[in-house]
Ligand SMILES: Cc1ncc(COP(=O)(O)O)c(C=O)c1O
């Protein structure tokens with residue numbers, strides 16, 4: 001890459017971690033399926049050194065395939081080093097477990113991904129960590145929640161299901177001034193649209209299962225650290241806890257990453273256009289999409305993000321469960337599924353609004369939509385038919 005010009009996101013995604021010279025000229029790295037690595041001498045066995053990839057000791061610890069993926073993610077995030085995990089949730093839990101000890105206080109956003117919340121409430125609390133949920137719109141007021149034993153502030157922005165945007169630079173600055181580590185689940189924006197490390201965040205976590213993989217097949221997580229010290233702590237944590245990922249899934253993660261900016265552009269455009277169109281529908285109470293002018297998170301999104309992805313929420317006016325069921329069960333393009341970030345559009349009805357303890361929000365049935373790569377007119381036609389079923393039920 002050019003020495004005089006900083007590469008753009010498309011160039012970075014296409015070239016980061018790209019190392020044909022180490023792989024007999026092949027564009028993609030080979031998929032190293034390995035548990036066992038053998039060494040010719042005791043000295044090399046002890047050092048874990050097989051050239052040209054030093055550090056290749058055992059499959060779980062790393063391979064040239066995982067290194068290629070981690071290098072590519074590191075470049076996109078603008079960090080020092082990244083570490084893969086078996087899933088997005090695995091990455092979130094490994095980061096928290098590595099940084100927290102019994103007696104520590106954790107501030108965690110009220111709007112985090114449900115299973116991350118369950119991990120904090122059940123597992124971390126059981127280990128003696130004091131878990132406190134904060135309002136994701138708290139901004140500078142988070143300072144009042146800091147205690148002498150606060151060790152981590154854990155953010156997710158925008159939040160799961162409710163899509164609040166957090167003031168990441170302000171929260172990070174305040175936390176860092178007190179020596180508190182800051183972690184963020186950045187899966188919605190990916191490093192293409194938001195770069196947490198630039199704002200001083202210590203760990204940027206990706207559920208690579210979502211947009212990075214992008215094809216609804218691989219399960220993968222990856223966390224990036226800004227400097228050597230934090231990277232080594234992160235890597236040691238993963239190795240100690242047995243976190244690693246399957247070789248094929250890592251390969252799919254890297255393959256997906258090559259087209260990430262291109263796909264995100266399309267997901268974002270379609271999602272925003274659908275959100276705008278849905279906001280004008282009579283059946284809709286409110287659309288939750290931070291890139292929609294008028295959304296409570298719009299100003300922060302505009303200030304900090306360079307784009308939006310395709311996941312957003314739609315709060316319906318009061319309709320019966322039967323009517324909403326008729327609406328979503330008959331869809332042809334929007335499929336019902338718990339994930340997002342793949343090429344296909346998805347819709348999930350939230351009949352029970354997700355758990356919140358720091359703030360209350362809306363009444364009604366919340367739909368979560370993921371805009372896939374289909375033609376928008378086809379997606380709108382699917383939704384128009386769905387609204388007709390909602391009205392008829
Ligand atoms: C925001 C967020 N973070 C983390 C995860 C967990 O990712 P994975 O399913 O790969 O464990 C998800 C999954 O839906 C998610 O939505």
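Identify, from the list 250, 230, the residue that is assigned to a helix (DSSP H, G or I), under 29 Å from residue 31 (Cα atoms) and away from the ligand (no atom under 16 Å from the Cβ). Full working, then the answer.
Values: 250 fails: away from the ligand (no atom under 16 Å from the Cβ).
Just a single option satisfies the conditions, and that option is 230.
If the requirement is being more than 21 Å from the chain's Cα centre (by Cα), assigned to a strand (DSSP E or B) and either modelled with pLDDT of 95 or more or buried (at least 18 other Cβ atoms within 10 Å of the Cβ) (or both), which of these qualifies: 151, 147, 122? Steps first, answer last, please.
On the way: 147 fails: assigned to a strand (DSSP E or B); 122 fails: assigned to a strand (DSSP E or B).
Checking each option against the conditions leaves just 151.
Considering only residues that are away from the ligand (no atom under 16 Å from the Cβ) and either within 30 Å of residue 363 (Cβ to Cβ) or not in a helix (DSSP H, G or I) (or both), which ones fall in segment 168-184? Talk me through it step by step, then tell me what you get.
Initially, segment 168-184 is screened for residues away from the ligand (no atom under 16 Å from the Cβ), giving 169-182.
Listed by number, the residues that qualify are 171, 178, 179, 180, 181, 182.
Got a number for residues in segment 111-137 being touching a residue at least 60 places away in the same chain (Cβ under 8 Å) and away from the ligand (no atom under 14 Å from the Cβ)?
So the count comes out to 4.
Can you tell me which residue among 32, 58 is assigned by TED's automatic domain parsing to the domain that holds residue 217 and either under 27 Å from the mean Cα position of the chain (by Cα) or within 16 Å of the ligand (Cβ to nearest atom) (or both)? Lay out the reasoning, then the answer.
Details: 58 fails: either under 27 Å from the mean Cα position of the chain (by Cα) or within 16 Å of the ligand (Cβ to nearest atom) (or both).
Just a single option satisfies the conditions, and that option is 32.
Can you tell me which condition residue 224 does not meet? The list is (1) out of contact with any strand residue (DSSP E or B) (no Cβ under 8 Å at 6 or more places or on another chain); (2) outside any helix (DSSP H, G or I), and all the others hold.
(1)
In segment 202-216, what count of residues is obtained for those that are at negative phi, in a loop (DSSP other than H, G, I, E, B), touching a residue at least 40 places away in the same chain (Cβ under 8 Å) and more than 9 Å from the ligand (Cβ to nearest atom)? Even if it seems obvious, please write down each step before you answer.
The first filter runs over segment 202-216 and keeps only residues at negative phi, leaving 202-213, 215.
Keeping just the survivors that are in a loop (DSSP other than H, G, I, E, B) gives 202, 208-213, 215.
The next check asks that each one be touching a residue at least 40 places away in the same chain (Cβ under 8 Å); those that pass are 208-213, 215.
Going one step further and asking which of them are more than 9 Å from the ligand (Cβ to nearest atom), we end up with 211-212, 215.
Looking only at that region, the number is 3.
Check every one of the helices (runs of 4 or more DSSP H) wholly within segment 1-83 and list those with 3 or more residues that are within 21 Å of residue 247 (Cβ to Cβ) and at pLDDT 95 or above. So that I can check it myself, show each step before the final result.
Numbers: elements: 9-15, 42-47, 64-77.
Here the list reads 64-77.
Got a sec? Which of 192, 165, 239, 198 is away from the ligand (no atom under 11 Å from the Cβ), touching a residue at least 40 places away in the same chain (Cβ under 8 Å), part of a helix (DSSP H, G or I) and within 15 Å of the chain's Cα centre (by Cα)? Steps first, answer last, please.
Numbers: 165 fails: part of a helix (DSSP H, G or I); 239 fails: within 15 Å of the chain's Cα centre (by Cα); 198 fails: within 15 Å of the chain's Cα centre (by Cα).
Only one candidate qualifies: 192.
Could you grab the pairs with beta carbons closer than 7 Å, sequence gap of 6+ or different chains, first residue in segment 73-93 and closer than 18 Å to residue 256 by Cβ, second one near the ligand (Cβ under 9 Å from one of its atoms) and in a helix (DSSP H, G or I)?
Sorted first by the residue in segment 73-93, then by its partner, the pairs are 85/91.
Go through segment 45-59 and count every residue that is more than 17 Å from residue 81 (Cα to Cα) and surrounded by 15 or more Cβ atoms within 10 Å (Cβ to Cβ). Before the answer, list the steps.
Filtering segment 45-59 down to residues more than 17 Å from residue 81 (Cα to Cα) leaves 45-52, 57-59.
So of that shortlist, the ones also surrounded by 15 or more Cβ atoms within 10 Å (Cβ to Cβ) come out as 48-50, 57, 59.
Of the residues in that region, 5 qualify.
Please go through segment 273-297 and pick out each residue that is outside any loop (DSSP other than H, G, I, E, B), out of contact with any strand residue (DSSP E or B) (no Cβ under 7 Å at 6 or more places or on another chain) and free of Cβ contacts under 8 Å to residues at least 60 places away in the same chain.
If the condition is that a residue be outside any loop (DSSP other than H, G, I, E, B), out of contact with any strand residue (DSSP E or B) (no Cβ under 7 Å at 6 or more places or on another chain) and free of Cβ contacts under 8 Å to residues at least 60 places away in the same chain, then 276 is the only one that fits.
The values are calculated or read from the model by the stated rules, or taken from the named source; none is laboratory data. Please read all numbers here as calculations on a predicted model, not as lab measurements. Methodologically, a virtual Cβ is constructed for each residue, glycine included, from the backbone with ideal geometry; neighbour enumeration extends over all protein chains shown.
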